[in-house]
Ligand SMILES: C[S@@+](CC[C@H](N)C(=O)[O-])C[C@H]1O[C@@H](n2cnc3c(N)ncnc32)[C@H](O)[C@@H]1O
């Protein structure tokens, strides 16, 4: 049971406290940390001698200004709150078995460990540890909680960012004492993690790969319904931190969801009756609409179909119509999931001529592709032509993109690649088509480059978002 586990862990931490207390006297006698024992110090021992200076123990007050003390007053938010279920389990455990592990306070009465126990029972027994510097207190809080809490990878990443700051503070306080090994021990992490944190010049390539891609943890990836529930809970007054804890995601994830939702709601309120003549956005299934379009009327198709397996056949349906509506020598460029390239090429190749493979380098971090065990660092775009390309300008097959805002919809692409290929494969006044226009990225790029465009979007909400986004761009430009 989560509560029982936490309870027990706190107990172990406290045993360390007891040793720490005794150890302070012991260390004063021996004059060095480690208490004559080889191997890693047990929990609590790293705090020995924390504030020993010049032959006597100094309190935090002596070394830190009142402002500093106020700054470090609350340690409660150093880690995400317990989820509602975890809190209920802890409460039930305490009600059944009583509080086994005292709450740990510093000499000023600030709680370092046991905030939840105090919430459940304000009279919970206390134990005071003295002589820790502010950074040592922070490290203590992390060490007590980081391993024993059942955090999702997303939450762990968030906490580790804060631990990194504490590691730096420890070094600033006393670089000689706080060797990398000691800092690692104090925080309860590997020494090479600390080494990476403290060496800003060290290449981050490996660590980025190890830390950034979202691991396949169901708790990290919220589905559409869960996202909506999370937003509704925040709207109903629950704190973002609590919602994040309940869904096992970082608070930043919840904050992004709330911001996105606010933006979407704002966009949906915009009056979208008027769009510039150069842009048409249709709410339809492209398969029911492209057959109505005139033969050889489109200069470029630039599009981003859905990536799921069921949608692969849509590439074939599009290519058939593209063959008819594209002008001779006109291009069709479509994003494609790596996993689907082979099947998409078979389908599209029946109607159009394969021209080239384009690589779009992600603006954000790499993502893991579970099952294939690959860090995905770029997106492919397949470039097809009707007949032979109509121009002879050399253009690049590599685009360094920017992270899309994804503010209006999750699939939103950056406009960088659309702009590049629209600019180089069409002329002002030409007509660009995006039959899967989503939030209208391609249409906005076309508009900014003085091209006409038609977008088709089957989902009514996204269609509205596209229109509102376009209208906002038009307004900003006028
Ligand atoms: C990957 S998203 C496009 C995102 C877009 N590039 C953007 O930046 O917002 C694909 C879009 O195609 C739409 N879609 C799927 N099937 C469709 C269909 N048969 N006809 C028209 N739109 C469709 C989906 O609703 C979705 O919005």
(message) Please determine whether any residue of region 328-344 is surrounded by 14 or more Cβ atoms within 10 Å (Cβ to Cβ), modelled with pLDDT under 95, assigned by TED's automatic domain parsing to the domain that holds residue 436 and touching a helix residue (DSSP H, G or I) at 6+ places or on another chain (Cβ under 6 Å).
(response) no
(request) Can you confirm whether region 417-434 contains a residue that is farther than 17 Å from residue 399 by Cβ, in a loop (DSSP other than H, G, I, E, B) and in contact with a helix residue (DSSP H, G or I) (Cβ under 6 Å, 6 or more places away or on another chain)? (result) no
(request) Mind telling me which of the residues 387, 455 ends up being surrounded by fewer than 16 Cβ atoms within 10 Å (Cβ to Cβ) and not in a helix (DSSP H, G or I)? (result) 387
(request) Could you please find all residues in region 278-288 being touching a helix residue (DSSP H, G or I) at 6+ places or on another chain (Cβ under 9 Å) and either outside any strand (DSSP E or B) or closer than 11 Å to residue 435 by Cβ (or both)? (result) 278, 282, 284, 286, 287
(message) Going residue by residue through region 233-249, is there one that turns out to be touching a strand residue (DSSP E or B) at 6+ places or on another chain (Cβ under 9 Å) and either at pLDDT below 70 or not assigned by TED's automatic domain parsing to the domain that holds residue 154 (or both)?
(response) no
(message) For region 363-376, which positions are within 16 Å of the chain's Cα centre (by Cα) and either over 14 Å from residue 337 (Cα atoms) or exposed (fewer than 14 other Cβ atoms within 10 Å of the Cβ) (or both)?
(response) 363, 364, 365, 366
(request) Looking at (1) buried (at least 24 other Cβ atoms within 10 Å of the Cβ); (2) within 12 Å of the ligand (Cβ to nearest atom), find the lone condition where residue 464 falls short. (result) (1)
(message) Every residue in region 416-450 that is within 14 Å of the ligand (Cβ to nearest atom) and surrounded by fewer than 21 Cβ atoms within 10 Å (Cβ to Cβ), please.
(response) 416, 419
(request) Keeping to region 96-121, report how many residues are over 16 Å from residue 140 (Cα atoms), over 36 Å from the mean Cα position of the chain (by Cα) and either assigned to a loop (DSSP other than H, G, I, E, B) or not assigned by TED's automatic domain parsing to the domain that holds residue 145 (or both). (result) 3
(message) Whether any residue in region 273-285 is within 11 Å of the ligand (Cβ to nearest atom), farther than 25 Å from residue 428 by Cα and in contact with a strand residue (DSSP E or B) (Cβ under 7 Å, 6 or more places away or on another chain) is what I want to check.
(response) yes
(request) Considering every residue within region 391-409, establish whether at least one is within 14 Å of the ligand (Cβ to nearest atom), free of Cβ contacts under 8 Å to residues at least 24 places away in the same chain and surrounded by fewer than 18 Cβ atoms within 10 Å (Cβ to Cβ). (result) yes
(request) Using the structure shown, decide if residue 471 is within 30 Å of the chain's Cα centre (by Cα) and part of a loop (DSSP other than H, G, I, E, B). (result) no
(request) Give the residues of region 293-312 that are more than 10 Å from the ligand (Cβ to nearest atom) and over 22 Å from residue 391 (Cα atoms), sorted by residue number. (result) 293, 294, 309, 312
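The values are calculated or read from the model by the stated rules, or taken from the named source; none is laboratory data. Keep in mind that what you see is a predicted model, and the values were worked out from it rather than measured. Reconstructed Cβ throughout: ideal geometry from the backbone, glycine too, with neighbour counts over all protein chains shown.
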